[in-house]
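In what follows, a single structure is set out as structure tokens and then discussed.
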Amino acid sequence: MSAQRQETIRRLAAPDITARKGGEPIVCLTAYTAPVAAALDGACDLLLVGDSVGMVVHGLPNTVGVTLEMMILHGQAVMRGARKAMVVIDMPFGSYEGSQEEAYANAVRIMKETGAQAVKVESGPTVPETIRYMTQRGVPVMGHVGLRPQAVLVDGGFKAKGRDAAERERILAEARATAEAGAFAVVVEGVAESLAREITAAIDAPTIGIGASAGCDGQILVTDDMLGLFDWTPKFVRRYADLKGEIERAAAQYASDVKDRSFPGEAETYYAKKG
């Protein structure tokens with residue numbers, strides 16, 4: 001150990017999140033960059049490096065085109081900015097749906113190269129056994145049921161789930177299987193309040209809602225949606241700021257100052273030393 005004094009801040013981990021089941025709501029947001037992660041860290045229990053980065057940062061039409069390398073790059077950035085919050089990284093489409101061995105190898109690569117505390121996968125018929133395989137080998141895994149963005153091409157769009165009895169039972173069964181396989185928490189997205197509450201009551205793992213009512217054990221939003229960076233956001237988003245408007249106003253003022261030569265001014269200018 002280094003003889004230099006190290007500042008110690010305990011970062012939250014999977015057991016801390018699991019222990020919050022039925023208790024104080026778990027506060028989660030997405031993060032993709034170091035400065036934003038640093039700004040969010042004090043308020044959040046968990047920061048998700050979501051594959052939504054493909055749409056939010058890279059302008060992709062959906063998350064299907066996101067790569068493992070993209071997730072690792074943004075995960076490294078978030079880990080440099082966050083000190084307290086648990087950091088979870090999405091496993092992108094195609095990185096875990098094949099063999100369990102491949103999924104494990106990709107999860108290990110993510111954790112080794114970023115230092116993150118866990119990975120997240122979207123649950124489907126074959127995924128719970130993959131979760132079990134990974135958790136038995138030391139990889140903390142968060143699940144995700146309901147609306148699954150990586151299935152957008154199969155579903156034909158981002159559509160709320162669980163609106164009929166058959167689909168409701170399927171989602172509930174997937175949530176149970178995901179929790180029983182060892183997921184430390186489960187994201188529940190885009191489902192009716194009654195189904196979200198039923199899932200929350202049915203599984204031991206805490207549920208993190210996004211468009212799933214206040215009946216979950218915690219909540220998550222895409223930070224850029226919450227901060228008002230886009231003109232359109234889903235129904236379930238509450239805007240807490242208007243950063244798009246602020247950026248536009250700041251850019252317009254900057255452009256005006258440049259054009260009338262009031263920027264840079266004396267305060268922003270270097271001068272030669274006298275003598």
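The values are calculated or read from the model by the stated rules, or taken from the named source; none is laboratory data. Bear in mind the structure is a predicted one, so any value in this text is a computation, not a measurement. Virtual Cβ from ideal backbone geometry, glycine too; neighbours counted across all protein chains shown. Please note that ligands, DNA and RNA were not included when accessible areas were found on the heavy atoms of the full protein model with its side chains. Shrake-Rupley method; radii C 1.70, N 1.55, O 1.52, S 1.80 Å.
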What's the Kirkwood radius of the range 70-218 in Å, using all Cα pairs?
-> 15.5 Å
Ignoring ligands, DNA and RNA, how do Phe230, Phe184 rank by accessible area with a 1.4 Å probe, largest first?
-> Phe230, Phe184
In sequence order, calculated HN-Hα J values of the range 23-32 (Karplus, 6.51, -1.76, 1.60; Hz; x Gly/Pro) | x, 4, x, 8, 9, 10, 9, 8, 8, 10
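To the nearest 0.05, how large is the calculated FRET efficiency for Val237 and Ser194 if R₀ is 22 Å and r is the Cβ-Cβ distance?
0.55
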Where in the chain lies the longest segment free of trypsin sites (Lys or Arg not before Pro) that are both loop residues by DSSP (not H, G, I, E, B) and have at most 13 other Cβ atoms within 10 Å?
-> 11-136
Helix 100-114 axis, angle to the chain major axis (alpha carbon atoms, nearest 10°) = 30 degrees
Tilt relative to the chain, helix 68-81 - C-alpha long axis, 0 to 90 degrees, to 10 = 60 degrees
Can you give the relative contact order of the chain as a percent, counting alpha carbon pairs under 8 Å and 6+ residues apart?
-> 16 percent
Overall dimensions of the chain as given by Cα atoms, namely Rg and Dmax in Å | 21.1, 85
Mind checking the range 28-126 for GluC sites (Glu not before Pro) that DSSP puts in a loop (not H, G, I, E or B) and that have at most 16 other Cβ atoms within 10 Å?
-> Glu97
Round to the nearest 10 and give me the degree value, 0 to 90, for the angle of helix 165-180's Cα axis relative to the longest principal axis of the chain.
-> 80 degrees
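Pop out the carbon and sulfur fraction of the accessible area of the range 136-275 as a percent, whole number, probe 1.4 Å.
That share works out to 54 percent.
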